[in-house]
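**Q** Sharing a structure with you now.
Where a number appears in this text, it was derived from the coordinates with a stated rule and is not lab data. For clarity, every value in this text was computed on a predicted model and none was experimentally measured. So basically every Cβ, Gly included, is an ideal-geometry build from the backbone, and we count neighbours across all protein chains shown.
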Amino acid sequence: MKLQFKTIFLSIFVGVLPVAVSASPEPLVFSHVVSPDTPKGKMATMFKTLVERTLGDKYTIVIRPNAEMMDDDDAIDAVARGKIHFAVPSVSKFQGYTDKLKIYDLPFLFPDHEAIERFQQGSAGQSLLTSMDAKGIRGIGYLYNGMKQLTANKPFHEPADLAGLSFRIMDSDVLEQQFRTIDAIPLPMAFADVYQGLATGLIQGQENTWSNIYSQKFYEHQPYIMESNHGVLDYMVITNARFWGNLSEEDLRHFEYALQMALEYGNSVSKAKAMNDRDEIRRMRDIELFKPTPSELRVWQDAMKPVWEAYEDEIGKDLIDAALAAGQTET
């Protein structure tokens, strides 16, 4: 009887002991709009690999490429509201969240990408990463795409040659002003629609990086290209500010390391691709490439300089001065 009582008691006791349950890793959604084999896609994949290598018991990175979940505009809003965790939009996409990032759309502000990197790595560029914290968005790094070149379906050498032509732009009031300043007609258009717009003649010109011009075959309808390097098309890696701020010190260290390594890899791949794609375009026989002399380039710079003045108050003179300083090289 005692043995039976002990057996019943032990059965009840064991039944109320807490059972260890292996918690599933928290899924963190990383949305972007290109294929996995692009520099941006490869960066996201490496970030996932490195995060899961050290924090795989806590988190899993769910990459949603090719805008299969949402486009960049929706992704920015989703990050701000904490619906997704990571995205990599163009720096031109944030005008609804901060005026300061409009600095990257000012024409001829940066002479080359080395100047952009110096600016981004300095205190002014780093301050832009936290400029949207109040809106729920934390910038955590920059990804290279390249300098923009001007293309058209007719020969051009001076700003006046583009008067009356319609140019595709990203939805940016700075870029709109840039083309209106030289009497061209800016037309906001989604990136996915640009090739068709060029093919049908809806737009006669556009601005883009060497890699985008080559990979999207814009040159098929834009045989005239100016090596203008007049603007920058880079990306900002963003996350939800509250999510990032609530990470433990140890987890944050692992995330930051993974991001640093992923960005170094992505940037190196992107730079190599940009140089290769530029050289491929230069070798095309049907392309007329105009490389302006310093004096010819100055005509373009002077024509677009009023855009700086128009946005100085919104962006901040201190930021513009910091960008100009980054473009000055010691002799």
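**Q** Report the net charge of residues surrounding Ala78, where surrounding means a beta-carbon distance below 15 angstrom and charges are Lys +1, Arg +1, Asp -1, Glu -1.
**A** On the way: positive: Arg64, Arg81, Lys83, Lys93, Lys135, Arg138, Arg242; negative: Glu68, Asp71, Asp72, Asp73, Asp74, Asp77.
After counting each charged neighbour, the total is +1.
**Q** Still on this structure, please answer the following. Tell me, what ³J(HN,Hα) does each residue in region 296-310 have, in order and in whole Hz, if you take phi through Karplus 6.51 cos²θ - 1.76 cosθ + 1.60 with θ = phi - 60° and put x for Gly and Pro?
**A** For region 296-310, the Karplus curve yields 5, 5, 5, 4, 5, 4, 5, 5, 9, 4, x, 5, 4, 5, 5 Hz.
**Q** Antiparallel versus total DSSP beta bridges in region 25-326: what percent is that, nearest 5?
**A** Working: 19 of 36 bridges.
The antiparallel proportion sits near 55 percent.
**Q** Under 5 Å between amide H atoms, partner at least 5 residues away or on a different chain: which partners does Ile185 have, H built in plane at 1.01 Å?
**A** Gly164, Leu165, Ser166, Phe167
**Q** Could you check the spin-label model distance between Asp73 and Arg242? Points 7 Å from the Cα along Cα→Cβ, value in nm.
**A** Distance between label points: 2.5 nm.
**Q** Additional query: Considering only C-alpha atoms, what is the centroid distance from region 189-241 to region 252-275, in Å?
**A** Centre-to-centre distance over Cα atoms comes out at 23 Å.
**Q** Among Gly82, Gly56, Gly96, whose mean-square fluctuation peaks in a Gaussian network model of the chain (Cα, cutoff 10 Å)?
**A** Greatest mean-square fluctuation among the candidates belongs to Gly96.
**Q** What residues have an amide H closer than 5 Å to that of Val62, excluding those fewer than 5 places away on the same chain, when H is modeled at 1.01 Å from N in the peptide plane?
**A** Amide H neighbours of Val62: Leu28, Val29, Phe30.
**Q** Let me check I've understood the local charge: for Met226, count other residues with C-beta under 11 angstrom from its C-beta, Lys and Arg +1, Asp and Glu -1. What total comes out?
**A** Details: positive: Lys148, Lys291; negative: Glu158, Asp161, Glu207, Glu227, Glu288, Glu296.
Every neighbour counted, the sum reads -4.
**Q** Still on this model: By counting other Cβ atoms within 10 Å of each Cβ, how are Leu106, Leu252 ranked from fewest to most?
**A** Values: Leu106 26, Leu252 13.
Ordered from fewest to most neighbouring Cβ atoms within 10 Å, Leu106, Leu252 come out as Leu252, Leu106.
**Q** Output the relative contact order of the chain, whole-number percent, from Cα pairs under 8 angstrom with separation of 6+ residues.
**A** 24 percent
**Q** What's the exposure ranking of His157, His32, His221, going from fewest to most Cβ atoms within 10 Å? Intermediate results must be reported in sequence, preceding the final value.
**A** Values: His157 13, His32 27, His221 20.
With the sparsest Cβ surroundings first, the list reads His157, His221, His32.
**Q** Further question: Can you show me the helix-derived [θ] at 222 nm for the chain, built from DSSP H runs with n ≥ 4 at -39,500 (n - 2.57) apiece and divided by the number of residues, rounded to the nearest 500.
**A** Details: 13 runs with 149 residues, N = 331.
Dividing the helical sum by the residues of the chain leaves -14000 deg cm²/dmol.
**Q** Let me ask another. For Gly231, enumerate residues with amide H under 5 Å from its amide H, sequence gap 5+ or separate chain, H modeled in the peptide plane.
**A** Correct list: Phe108, Lys148.
**Q** What is the fewest-to-most order of Glu309, Glu249, Glu314, Glu227 by other Cβ atoms lying within 10 Å of their Cβ?
**A** Placing the least packed residue first, the sequence is Glu249, Glu309, Glu314, Glu227.
**Q** Lys and Arg at +1, Asp and Glu at -1: add these up for the other residues within a Cβ distance under 13 Å of Gly316 and post the number. Intermediate values should be presented prior to the final figure.
**A** Working: positive: Lys100, Lys102, Lys317; negative: Asp99, Glu312, Asp313, Glu314, Asp318, Asp321.
Counting the neighbours of Gly316, the net charge comes to -3.
**Q** Using a 10 angstrom cutoff on alpha carbons, build the Gaussian network for the chain and name the most mobile of Ser166, Ser268, Ser24.
**A** Maximum fluctuation in the GNM of the chain, among the listed residues, is at Ser24.
**Q** A follow-up question, please. State the percent of C-alpha pairs, over all pairs in region 25-326, separated by a distance greater than 38 angstrom. Mind dumping the intermediate values first?
**A** On the way: 5575 of 45451 pairs.
Tail of the P(r) past 38 Å holds 12 percent of the pairs.
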